[in-house]
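The values are calculated or read from the model by the stated rules, or taken from the named source; none is laboratory data. All of these numbers come straight from a predicted model, not from anything done at the bench. Ideal geometry is used to build each Cβ from the backbone, glycine not excepted, and the neighbour counts take in all protein chains shown.
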Amino acid sequence: MASTPAIAPASLKFGTSGLRGLVVELNGVPAFAYTRAFAEMLKEDGSAAASDNVVLVGRDLRESSPSIAQLCCAALQESGLVPLDCGALPTPALAYHGLRFGIPAIMVTGSHIPEDRNGLKFYRAQGEIDKRDEAAILAWHAKLGIAAVPETARAIRAGTPDLDLIAAYKARYREFFGTEALSGLTVGVYQHSSVARDVIVEMLETLGARAVPLGRATSFIPVDTEALREEDEALARQWASEQTLDAIVSTDGDADRPLISDANGIFLRGDLIGAITAKALGVDAIVTPVTSNSALETCGAFRTVLRTRVGSPYVIEGMAEASSAGAQAVVGFEANGGVLLGSDIMREGRRLAALPTRDAMLPILCALGEIVAQGRPLADIGAAFAFQAAASNRLQNVATDRSAAFVSRLQQDEAFQSELMAPLGGVAEVNSRDGLRLMAKNGEVVHFRPSGNAPELRVYVEATTQERAEDLLTWGLTTAQQQVG
């Protein structure tokens with residue numbers, strides 16, 4: 001077999017969670033080369049030796065993921081490390097095993113983005129890599145200068161773990177919540193192409209619920225929990241009208257972000273799911289990006305609220321900061337619903353170990369558990385937090401430089417900013433922590449943020465009613481479209 005030719009990885013870059021880009025630019029030399037770079041970083045600082053040179057490799061259900069995972073295994077072996085092929089499994093299940101046994105890992109997944117894209121998530125033995133690690137990987141990538149994949153790469157057969165990683169992941173929650181935690185609930189499970197589609201059903205039934213599988217797909221569906229497709233929302237409402245369900249749950253492609261609807265098939269925003277989870281666990285500090293709802297500071301449920309930029313690396317840094325400041329129980333979450341457990345949680349003598357990576361299962365179980373514990377519908381539980389009505393969506397296929405230029409002009413050109421926000425009565429407050437978040441004088445919020453992992457411009461809004469939020473979102477998307485072309 002001839003060596004795979006090098007392809008210039010024009011679209012590949014580290015974003016809010018891992019390296020992502022077009023499949024045609026990742027599946028080949030780049031996947032091999034970036035994995036080699038990760039391996040050299042681990043070897044350089046001694047991390048590889050600490051794990052007996054073992055590195056775990058998992059993947060989601062995209063068509064391209066098996067071949068990319070094979071390239072990762074080949075690159076690890078080429079560098080003198082020992083790859084273990086963990087197969088298709090949820091990202092948090094892979095991360096959990098790595099943290100328990102001190103083993104680095106690579107997850108092949110594009111998460112929620114379309115199937116023509118894919119990505120690599122890198123984990124040290126201590127958890128997700130941070131921005132300094134990303135810089136080190138990029139430096140090694142440049143230093144190695146790999147131009148071709150060795151002919152033997154695709155013939156490599158990696159070993160497999162001695163333990164069942166999915167079974168251990170399920171046991172984590174069974175032992176903490178107990179087998180009667182969800183007794184009496186009937187829960188729809190929107191399976192689509194989530195790598196956790198069977199795991200969720202099994203977990204819910206283990207904890208006492210009746211799970212109803214729904215919408216299993218034969219091809220990949222890019223479910224974005226932060227910008228749902230209209231057809232997904234319509235399906236949930238249809239399923240809820242056809243049968244009596246306490247909730248409908250799902251995840252994105254690699255199961256690190258939850259998707260949860262109430263009994264009427266209306267999906268809860270991710271930041272509200274995070275708030276419900278944090279309160280259910282009794283934490284004293286939450287860490288969340290600036291995109292999460294403004295009511296987190298005013299709802300009275302949390303002693304400390306620490307805001308960050310968008311992206312799990314920033315939330316992880318924030319959780320460490322909160323713990324250093326004295327917080328005993330810390331949860332991080334994002335507006336997309338990804339929940340990270342920053343500290344151990346104790347309940348009635350049972351311990352839930354920290355898992356500082358996004359995990360869809362924990363918020364799903366906490367939200368459903370609150371229905372049982374409080375004896376009222378999920379819609380009522382969510383309403384008690386008095387969130388501002390909010391909405392978000394994105395403009396797709398917008399070059400990052402155009403999005404950045406628009407946001408930069410909006411931040412620096414006061415006349416342009418005033419003109420743009422005039423329909424909302426002008427600007428009262430500006431936050432440039434991530435993109436540009438503008439609070440209008442009428443109390444409404446419009447936040448423009450270039451995506452960190454796709455050619456998209458995201459728009460987030462808050463208003464007093466959902467109808468007004470939807471109108472404001474339309475206005476924000478239209479206004480942004482006019483500027484970015």
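Observations on the structure shown:
- Listed here are the strands (runs of 3 or more DSSP E) enclosed by the stretch 179-288 that have at least 1 residues being among the charged types (D, E, K, R): 210-216.
- Being under 30 Å from Leu120 (Cβ atoms), at pLDDT below 95, small (Gly, Ala, Ser) and not in a strand (DSSP E or B) is a property that holds for Ala454.
- Residue check, Phe176 modelled with pLDDT of 95 or more, in the same structural domain as Leu245 (by TED's automatic domain parsing) and among the aromatic types (Phe, Trp, Tyr): yes
- Counting residues in the stretch 301-310 that are within 27 Å of Arg458 (Cβ to Cβ), in contact with a Phe, Trp or Tyr (Cβ under 7 Å, 6 or more places away or on another chain), charged (D, E, K, R) and crowded, with 17+ Cβ neighbours inside 10 Å gives zero.
- When the residues of the stretch 119-132 are filtered to those that are farther than 23 Å from Asp344 by Cα and at pLDDT below 95, the one that is surrounded by the fewest Cβ atoms within 10 Å (Cβ to Cβ) is Arg132.
- When each of Thr479, Thr400, Thr474 is tested for being of a type in the set (S, T, N, Q), under 30 Å from Arg20 (Cβ atoms) and at pLDDT 95 or above, the lone residue that passes is Thr474.
- Leading residue by the ranking (modelled with the lowest pLDDT) among those in the stretch 42-92 that are surrounded by fewer than 23 Cβ atoms within 10 Å (Cβ to Cβ), within 27 Å of the chain's Cα centre (by Cα) and in a helix (DSSP H, G or I): Ser47
- Positions within the stretch 153-170 being modelled with pLDDT of 85 or more and not basic (Lys, Arg), in sequence order: Ala158, Gly159, Thr160, Pro161, Asp162, Leu163, Asp164, Leu165, Ile166, Ala167, Ala168, Tyr169
- Only one entry of Ala399, Ala390 meets the criterion of being of a type outside the set (Phe, Trp, Tyr), under 15 Å from Gly452 (Cβ atoms) and touching a residue at least 12 places away in the same chain (Cβ under 8 Å), and that entry is Ala399.
- Just one of the listed residues (Tyr169, Tyr190) is hydroxyl-bearing (Ser, Thr, Tyr) and closer than 15 Å to Tyr96 by Cβ, namely Tyr169.
- Each residue in the stretch 93-118 was checked for being within 13 Å of Leu56 (Cβ to Cβ) and in a strand (DSSP E or B), and 4 pass.
- Criterion applied to Ile137, Ile113 was being buried (at least 21 other Cβ atoms within 10 Å of the Cβ) and at pLDDT below 95, and the one residue passing it is Ile113.
- Number of the condition not met by Tyr460 [criteria: (1) within 19 Å of Ser294 (Cβ to Cβ); (2) surrounded by fewer than 22 Cβ atoms within 10 Å (Cβ to Cβ); (3) hydroxyl-bearing (Ser, Thr, Tyr)]: (2)
- Filter result for Glu429 (outside any helix (DSSP H, G or I), acidic (Asp, Glu), touching a strand residue (DSSP E or B) at 6+ places or on another chain (Cβ under 6 Å) and free of Cβ contacts under 8 Å to residues at least 40 places away in the same chain): yes
- Hey, Thr225 of a type outside the set (D, E, K, R) and surrounded by fewer than 20 Cβ atoms within 10 Å (Cβ to Cβ) or not: no
The rows are residues; the columns are (1) surrounded by fewer than 20 Cβ atoms within 10 Å (Cβ to Cβ); (2) over 22 Å from the mean Cα position of the chain (by Cα); (3) farther than 25 Å from Arg269 by Cβ; (4) not assigned by TED's automatic domain parsing to the domain that holds Gly443.
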| residue | (1), (2), (3), (4) |
| --- | --- |
| Val398 | no, no, no, no |
| Ala405 | yes, yes, yes, no |
| Arg409 | yes, yes, yes, no |
| Gln412 | yes, yes, yes, no |
| Ser418 | yes, yes, yes, no |
| Met421 | no, yes, no, no |
| Val427 | yes, yes, no, no |
